[in-house]
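Only the coordinates and a few stated rules stand behind these numbers; no lab work does. Since we're looking at a predicted model, the values are computed, not measured. Cβ placement follows ideal geometry from the backbone for every residue including glycine, while neighbour counts extend to all protein chains displayed.
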Amino acid sequence: MTPNWQNLVRPNIWHLAPYSSARDEYTGSEASVFLDANENPYNSPNNRYPDPLQRELKSHVARIKGVPVQNIFLGNGSDEAIDLIFRVFCRPGKDNVVAIEPTYGMYSVCAAINDVEYRRVPLESDFSMRSEKMLEACSQYTKAIFICSPNNPTGNAIDRKEILRVCEAFSGIVVVDEAYGDFQQGETLTTALATHPNLLVLSTLSKAWGSAAIRLGMAFANEAVIGFFNKVKYPYNVNQLTQNEAQAILSRIDDVDKWIRLILSERPKVMQAVSLLPYCQKVYPTEANFFLAKVNQADKIYQYLCDKGIVVRNRSKVTLCEDCLRITIGTPAENTALLSALRQWEDRG
């Protein structure tokens, strides 16, 4: 569905005159003397402000992701884009957003920070999503719907048809977080951007690209949405060191493909071994680089592993994930250490 942008965007943001940095005003390529931004002329290259719109890096992302530059926003992790959704579209104390439950916790945190009602729609018992339930939870004040796919912490991909049904019926922004999308089979939702102008797809270099430390998140959306984000973001939101490292890792696509293959080859081995433990009740299907395992005494097993220097994620207090541990696939040596420790717990029984 095509949104009415003026009705969707907060009035103060619609009328906002954004801050214009020195590098916004100059976009030429011939200058060699820069005396416009009060920079120190020494300590090159770190003395200069970075490109506020990351043009070179976006061109590289566009080639890799198959998305036009004008449909790309880059931020300080995906969390910046998530926060901008609230700051651009949601009026504090009045508007709301809808999200699947359980899911990535930062959506609800950003909602709370921005004083926006957060409506949770529980997934089915098999962690699938029903589009009609998502739409039923909406009101005239719902500005965005959040769907993480593959979902965190459950690991499963949400049915593409169900997501597109939401896009077609909802007049606000549909956010599909594909942080783990590089690990799943099937087509990315970025291929639907041209036909669904209210769709916003999140991605990151933190997972499959092995670059969590550089904090580079991506949002792919209609050009109008990207324009609103650029209007509100801080002037130099992605530093030059991050831009340089992002360019470097994007040039190593063969290495990244190898890492993904290694992780996907290890995943069924670890899942099978965990499923055979006598205290394991269930291992859930996954299309991410982690899986969810339901076990007896999850709290005690979590603490036992921590005491051995092995850290997994205890999701026992999360809706539909009672007694569940979320386990990331590591190197073969790390996976062996985990399984060895879990088998020792078995022996203690």
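Please give the net charge around F89, taking every other residue with its beta carbon less than 11 angstrom from that of F89, where Lys and Arg add +1 and Asp and Glu add -1. Show your work: numbers first, answer last.
Numbers: positive: R10, R87, R91, K143; negative: D95.
With Lys, Arg at +1 and Asp, Glu at -1, the neighbours total +3.
Short version: ³J(HN,Hα) in whole Hz for each residue of segment 54-68, in order, from phi by Karplus 6.51 cos²θ - 1.76 cosθ + 1.60 (θ = phi - 60°), x for Gly and Pro, what are they?
Using θ = phi - 60°, the values come out as 6, 4, 5, 5, 4, 4, 5, 4, 4, 5, 6, 8, x, 10, x Hz.
I'd like the antiparallel share, as a percent to the nearest 5, of DSSP beta bridges with both residues in the chain. It would help to have the intermediate numbers written out before the result.
Numbers: 20 of 39 bridges.
If we restrict to bridges inside the chain, about 50 percent are antiparallel.
Output wanted: per-residue J couplings in Hz (rounded whole) for segment 43-48, from phi through Karplus 6.51 cos²θ - 1.76 cosθ + 1.60, θ = phi - 60°, x for Gly and Pro.
Per residue, the Karplus-derived 3J(HN,Hα) values read 6, 5, x, 7, 7, 9 Hz.
Hey, which aspartates and glutamates would be in cross-link range of K143, C-alpha to C-alpha under 19 Å, not counting anything within fewer than 8 residues on its own chain?
D79, E80, D83, D95, E101, D115, E117, E132, E162, E168, D177, E223
Translational D (Stokes-Einstein, µm²/s) of the chain at 25 °C and 0.890 mPa s when Rh comes from the Kirkwood sum over C-alpha pairs?
Numbers: Rh = 21.8 Å.
Translational D for this selection: 112 µm²/s.
Mind telling me which of M218, M134, M106 comes out most flexible in a GNM of the chain, alpha-carbon contacts under 10 Å?
Highest fluctuation among the options: M106.
Run the numbers on segment 219-301 and let me know its relative contact order in percent, using alpha-carbon pairs under 8 Å that are six or more apart. Intermediate values should be presented prior to the final figure.
On the way: 37 pairs, mean separation 12.7, N = 83.
Here the relative contact order equals 15 percent.
I want to verify a result. In a Gaussian network model of the chain, Cα cutoff 10 Å, which of these has the top mean-square fluctuation: R267, R63, R120?
R63
Among the aspartates and glutamates, which fall within straight-line cross-link reach of K300, defined as a Cα-Cα distance under 12 Å, with same-chain neighbours fewer than 8 residues apart omitted?
Excluding near neighbours in sequence, the set is D323.
Tell me the net charge near V270. Cut-off is 13 Å between Cβ atoms, V270 excluded, with +1 for each Lys or Arg and -1 for each Asp or Glu.
+2
Tally Lys/Arg at +1 and Asp/Glu at -1 over every other residue whose Cβ is under 12 Å from the Cβ of R261; what's the total?
Details: positive: K258, R267; negative: D182, D254, D255, D257, E266.
My count for the surroundings of R261 gives -3.
Expressed as a rounded percentage, what relative contact order does segment 165-275 have, with Cα pairs under 8 Å and six or more residues apart?
Values: 106 pairs, mean separation 23.7, N = 111.
Reported relative contact order: 21 percent.
Roughly how many nanometres apart are two label points built 7 Å out from the Cα toward the Cβ at Y19 and S128?
Calculated label separation equals 4.8 nm.
7 Å from Cα along Cα→Cβ at both N47 and E101: what's the point-to-point distance in nm?
Taking the simple label geometry, N47 and E101 are separated by 5.5 nm.
Show me the trypsin sites (Lys or Arg not before Pro) within segment 240-322 that DSSP assigns to loop and that have at most 16 other Cβ atoms within 10 Å of their Cβ.
Values: sites: R252, K258, R261, K269, K282, K294, K300, K308, R313, R315, K317; in loops: R252, K308, R315, K317.
Qualifying residues, ordered by number: R252, K308, K317.
Any idea what angle helix 240-250 forms with the longest principal axis of the chain, computed on alpha-carbon atoms, 0 to 90 degrees, nearest 10?
60 degrees
Less than 27 Å apart at the alpha-carbon level, and either on another chain or at least 8 residues along: which lysines does that give for K207?
Partners within reach: K58, K65, K161, K233, K258, K269, K282, K294, K308, K317.
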